[in-house]
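Peer 1: Just dropping this structure here.
Please treat every number below as a calculation from the coordinates, not as lab data. Note that the coordinates shown come from a computational prediction; the quantities given were computed from them, not determined experimentally. Glycine also receives a Cβ, built like all others from the backbone with ideal geometry; neighbour counts cover every protein chain displayed.
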10 protein chains.
Amino acid sequence: MLYLVRMDVHIPHDMPAAQADDIKAREKAYAQELQRSGKWQQLYRVVGEYANYSVFDVESNEELHTLLSGLPLFPYMRLQVTPLAKHPSSIR
Amino acid sequence: MLYLVRMDVHIPHDMPAAQADDIKAREKAYAQELQRSGKWQQLYRVVGEYANYSVFDVESNEELHTLLSGLPLFPYMRLQVTPLAKHPSSIR
Amino acid sequence: MLYLVRMDVHIPHDMPAAQADDIKAREKAYAQELQRSGKWQQLYRVVGEYANYSVFDVESNEELHTLLSGLPLFPYMRLQVTPLAKHPSSIR
Amino acid sequence: MLYLVRMDVHIPHDMPAAQADDIKAREKAYAQELQRSGKWQQLYRVVGEYANYSVFDVESNEELHTLLSGLPLFPYMRLQVTPLAKHPSSIR
Amino acid sequence: MLYLVRMDVHIPHDMPAAQADDIKAREKAYAQELQRSGKWQQLYRVVGEYANYSVFDVESNEELHTLLSGLPLFPYMRLQVTPLAKHPSSIR
Amino acid sequence: MLYLVRMDVHIPHDMPAAQADDIKAREKAYAQELQRSGKWQQLYRVVGEYANYSVFDVESNEELHTLLSGLPLFPYMRLQVTPLAKHPSSIR
Amino acid sequence: MLYLVRMDVHIPHDMPAAQADDIKAREKAYAQELQRSGKWQQLYRVVGEYANYSVFDVESNEELHTLLSGLPLFPYMRLQVTPLAKHPSSIR
Amino acid sequence: MLYLVRMDVHIPHDMPAAQADDIKAREKAYAQELQRSGKWQQLYRVVGEYANYSVFDVESNEELHTLLSGLPLFPYMRLQVTPLAKHPSSIR
Amino acid sequence: MLYLVRMDVHIPHDMPAAQADDIKAREKAYAQELQRSGKWQQLYRVVGEYANYSVFDVESNEELHTLLSGLPLFPYMRLQVTPLAKHPSSIR
Amino acid sequence: MLYLVRMDVHIPHDMPAAQADDIKAREKAYAQELQRSGKWQQLYRVVGEYANYSVFDVESNEELHTLLSGLPLFPYMRLQVTPLAKHPSSIR
């Protein structure tokens, strides 16, 4: 089941650099593990913004929330989730 | 080069059904041809809306505009285009 | 799997009354059938508006879109879909 | 009498963890007590957000405000209240 | 129980004048009857707009929706309802 | 001359409690004095929000601004002022 | 007493030209009469838009509403009214 | 003196094709004449939209409004005008 | 050449009072000097807000930006600039 | 390939002046180097705002994101990117 997710990151400017680097490193590892598992199907940078558009493929709303709320950057992001369905003109 | 495009369709309610059916049939053929060519990479229905999210893979802004403005439904849609770039955490 | 759906109805003011009545009667029958099946779990009127908030319990995004796009009033409504998950403080 | 309430939580990032944990624990106890009393009828997590949609069943606007403003997280939330009425197509 | 209601009127410009006059006359009679009953407590024109702010005093959400949806201008208005409660600094 | 005023309070979370309590006590005294004078005609809490809707009855725009900018909470509020006029359907 | 008013004109595109011309001619006469009376103090075109910003100097909210709702273009405009007061740094 | 102008075109769908074609042909001629004069410095299509971003170089606000309101498509466009100034980091 | 400017002031609540007072005193002197020069033609307080609407009469976009960016409160304000032109119904 | 970019700068008011000056100096050098290279084609100040509109001419979405995210002020700006195409009425 597919969902489009837009994530906008807003790290407080007074967070110590070491703490920010640590969170970002854990975020990257987490994101890559989910991509390898096939659950985080696509991940694109929005040009000019500290933001991404992603497509997730999961079993349920429940699973998607668990994955998203586990993101190390979750407390510093605004997320927007759009459930997707097969399009009648899609050839896939 | 990738772009996320959201398309929201608003067909005037007084358009004759035959005209609307004809436009939709041509839209479907056009969309499937572009998918087969690899330029319209992904096409998803937004759940509960007469709208889609699509990913296009084209050579330039120019080519994208030519493809989008050629959509039979173009005069009846609102389009929003977001240029995408590779994400540093992407494993692809 | 649960979803909150808000539906805002906008019937064109020049639609003949008989046509509008027919659509509304079919909408009511459709809504009641889905409620009896357990898929349309809750249905509330928004006070002062020709709108409702509903909770659907379905198997997938796919099934939800099929149900919503089958609504007789679908061409005359704006729908907003919010996927829901279990809340950690819920006692249910 | 029913109301839909959306709650978006924004805890300041510089609040000490112990204080935040204490507020959240009291929030959970408060929410569960109101659920057991039947006044906080439903409580759902919005997927991907630190937010919930809830349905309250109370005697009056007055009572609802008293319950909501007593939430331990109240100073850190944005609340939106929508009064609900019985829908003519509801089978309940 | 009090509610603030804002009503914005949008009569289609192609409605025949006689029909519009009839609806407005019935709206006025309806509004004055509800004011005399004490349920429509206050009614103010918004300066420069075809709109009003009103305060209703009713028994329930249910009753308010019945009153509002019975307005002859209801199909031609956008309504926004805000539930009110006693303010701790109010001297009334 | 009547005006509807909506006030949304946002006290910075790092203001010392004693200072906040002092401002709120002065705000209450100020509000009650203006109510007794007849200038602050009505004062309602918005359900679920740290906000109010008020009706002021003053001689001029000038006087209203003087009253509002004198509110002890003025630096911590967002105010929206709507001038009101007599409604042709009002029976008052 | 001063008010800033923004007026955005939206004449339906299917209004006969003769009717539109008549309304505009009456609007112009009305606007010039009010300017000569001193009540419509200033009148500026917004560059690139069929819109204006105006300053009115009237006795009351009541009078302003009477003047504005008497505009021949009133049914085809969106108006926004902002009450003004003397600025403490103004030298007038 | 430079201005950025965004123009969004909305031609009513029931305008006869011949009329629309005539307006567009006159618009094109008008736009090209102004470009040749140096007043309409730049003209870009917004990708995926029936809209453009333009830069005008004119003597005054007055002149800009005269040029824009003379556009054959003016009654069918929404325009947004942003005055520009030299940027301190510009090398031109 | 005329421009309407709206200025909304947001002084950080943790700025020391002496610093804020100094900035405001310099702002007042600056505003009065520009008014005496005829460039800052009008200056009104928005009722109920720490904001003003102003009309400037300057030679160019360039000059307006120089004046506005020189405001002592410039770093603490949001400004919106609207270029104005002569209105065809104006009698001035 | 052309893109319009709007940049709004928001430097935190508690950033030490020396740090802010250093960032701005590096921003200016970076902007001028990109202008000399032909990639940052145009750079205009938005009148009355700490913001600019720019036109970039780059090879790809990828290159644009690399340039923009390398801006010394990037962490303190909101950027909006609009892809542009040749306009059919352009004479260039």
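Peer 1: In a shell of Cβ-Cβ distance under 15 Å around F:T66, excluding F:T66 itself, what net charge do Lys and Arg (+1) and Asp and Glu (-1) give?
Peer 2: Numbers: positive: F:K39, G:K86, I:R45; negative: F:E33, F:D57, F:E59, F:E62, F:E63, I:E49.
After counting each charged neighbour, the total is -3.
Peer 1: While we're here: Of A:K39/D:K24; B:K28/H:K24; H:K86/J:K24; H:K28/J:K86; B:K86/J:K86; C:K24/D:K86, which ones are farther than 21 Å apart at the Cα? Could the numbers behind the result be given before it?
Peer 2: On the way: A:K39/D:K24 30 Å; B:K28/H:K24 28 Å; H:K86/J:K24 17 Å; H:K28/J:K86 14 Å; B:K86/J:K86 25 Å; C:K24/D:K86 17 Å.
From A:K39/D:K24; B:K28/H:K24; H:K86/J:K24; H:K28/J:K86; B:K86/J:K86; C:K24/D:K86, over 21 Å: A:K39/D:K24; B:K28/H:K24; B:K86/J:K86.
Peer 1: Further, regarding this structure: Over chain J, what is the mean sequence separation of C-alpha contacts under 8 Å (at least six apart), divided by residue count, expressed as relative contact order in percent? Mind dumping the intermediate values first?
Peer 2: Values: 115 pairs, mean separation 45.4, N = 92.
49 percent.
Peer 1: Further, regarding this structure: Determine the distance separating the Cα centre of segment D:50-71 from the Cα centre of segment H:36-80; give it in Å without decimals.
Peer 2: What the calculation gives is 52 Å, centre to centre.
Peer 1: Further question: Averaged across J:35-47, how many Cβ atoms of other chains sit within 10 Å of each residue's Cβ atom?
Peer 2: Mean shielding count: 6.
Peer 1: Rounding to the nearest 20 debye, state how big the charge dipole of chain A is about its Cα centre with +1 on each Lys and Arg Cβ and -1 on each Asp and Glu Cβ. Before the final figure, lay out each step's value.
Peer 2: Numbers: 10 positive and 11 negative charges, 73 e Å.
It comes to approximately 340 debye.
Peer 1: What dipole magnitude, in Debye to the nearest 20, does segment G:22-64 give about its Cα centre under +1 on Lys/Arg Cβ and -1 on Asp/Glu Cβ?
Peer 2: Working: 6 positive and 8 negative charges, 58 e Å.
So the dipole magnitude of segment G:22-64 works out to roughly 280 debye.
Peer 1: Also, quick follow-up: Helix I:17-37 sits at what angle to the longest principal axis of chain I, using alpha carbons and giving 0 to 90 degrees rounded to 10?
Peer 2: Taking Cα atoms only, the helix is inclined about 20 degrees.
Peer 1: Let me ask something additional. Classify segment F:45-92 as rounded, prolate or oblate from the Cα gyration tensor: take a ≥ b ≥ c as the square roots of its eigenvalues, call it rounded if a/c is under 1.5, otherwise prolate when a/b beats b/c and oblate if not. Mind dumping the intermediate values first?
Peer 2: Working: a/c = 3.08, a/b = 1.35, b/c = 2.28.
Since a/c reaches 1.5 but b/c is at least a/b, the shape of segment F:45-92 is classed as oblate.
Peer 1: Taking a point 7 angstrom from the Cα of A:A29 along the C-beta vector, which residues in segment A:52-89 have backbone N less than 17 Å away?
Peer 2: Residues passing the 17 Å test: A:70-74.
Peer 1: Roughly how crowded by other chains is peptide D:19-31, in terms of the mean Cβ count from those chains within 10 Å of each of its Cβ atoms? Walk me through the numbers on the way to the answer.
Peer 2: Numbers: counts 0, 0, 0, 0, 0, 2, 0, 0, 1, 3, 1, 1, 5.
Partner Cβ neighbours, averaged per residue: 1.
Peer 1: Related question: Within a Cβ distance under 13 Å of F:P88, other residues only, what is the Lys/Arg minus Asp/Glu net charge? Don't skip to the end; give the middle numbers.
Peer 2: On the way: positive: E:K24, E:K28, E:R45, F:K86, F:R92; negative: E:E27, G:E62.
Residues close to F:P88 contribute a combined charge of +3.
Peer 1: I've got another one for you. Based on DSSP H runs of at least 4 residues, each adding -39500 (n - 2.57), what is the mean residue ellipticity at 222 nm of chain A after dividing by all its residues, to the nearest 500 deg cm²/dmol?
Peer 2: On the way: 2 runs with 30 residues, N = 92.
So the helix-based figure for chain A works out to -10500 deg cm²/dmol.
Peer 1: Can you work out the FRET efficiency for the pair F:D57 and E:S60, with r the C-beta to C-beta distance and R0 = 35 Å, to the nearest 0.05? Write down the numbers at each step before the final one.
Peer 2: Working: r = 30 Å, r/R0 = 0.86.
Working from the Cβ atoms, E equals 0.70.
Peer 1: Compute the Cα gyration tensor for the protein assembly as shown, then decide on rounded, prolate or oblate, letting a ≥ b ≥ c be the square roots of its eigenvalues: rounded whenever a/c is under 1.5, prolate when a/b is larger than b/c in the other cases, and oblate in all that remain.
Peer 2: Verdict is rounded for the protein assembly as shown.
Peer 1: Based on the alpha-carbon gyration tensor of segment E:5-47 and its eigenvalue square roots a ≥ b ≥ c, which shape applies: rounded if a/c is under 1.5, prolate if not and a/b is larger than b/c, or oblate?
Peer 2: Working: a/c = 3.47, a/b = 1.62, b/c = 2.14.
It comes out oblate by the Cα gyration axes.
Peer 1: Under 20 Å from the 7 Å Cα→Cβ point of I:D14, by amide nitrogen: which residues of segment D:11-52?
Peer 2: D:11-20
Peer 1: Rounded to the nearest 20 debye, what is the charge dipole size of the protein assembly as shown about its Cα centre when +1 sits on each Lys and Arg Cβ and -1 on each Asp and Glu Cβ?
Peer 2: Taking the Cα centre of the protein assembly as shown as origin, the dipole is about 0 debye.
Peer 1: Suppose we consider the axis relating copy G to copy H; can you name the residue of G with the nearest Cβ and state that distance in angstrom as an integer?
Peer 2: For chain G, the closest residue to the axis carrying it onto H is G:D14, 7.
Peer 1: Could you check what % of the DSSP bridge pairs in the protein assembly as shown are antiparallel, to the nearest 5? Spell out each step's value before the answer.
Peer 2: Working: 220 of 220 bridges.
The antiparallel fraction comes to roughly 100 percent.
Peer 1: With a cut-off of 20 Å, note down the residues of segment H:75-92 whose backbone N falls inside the zone around a label point 7 Å from the Cα of I:K39 toward its beta carbon.
Peer 2: H:83-89
Peer 1: Give me a single rounded figure for H:62-69: the average over its residues of other chain Cβ atoms within 10 Å of their Cβ. All intermediate terms of the calculation are to be shown ahead of the outcome.
Peer 2: Details: counts 8, 2, 4, 10, 3, 1, 4, 7.
The per-residue average across the peptide is 5.
Peer 1: Here is a further query. So which GluC sites (Glu not before Pro) in chain H are both in a DSSP loop and have at most 12 other Cβ atoms within 10 Å of their Cβ?
Peer 2: Values: sites: H:E27, H:E33, H:E49, H:E59, H:E62, H:E63; in loops: H:E49, H:E59.
Filter output for chain H: H:E59.
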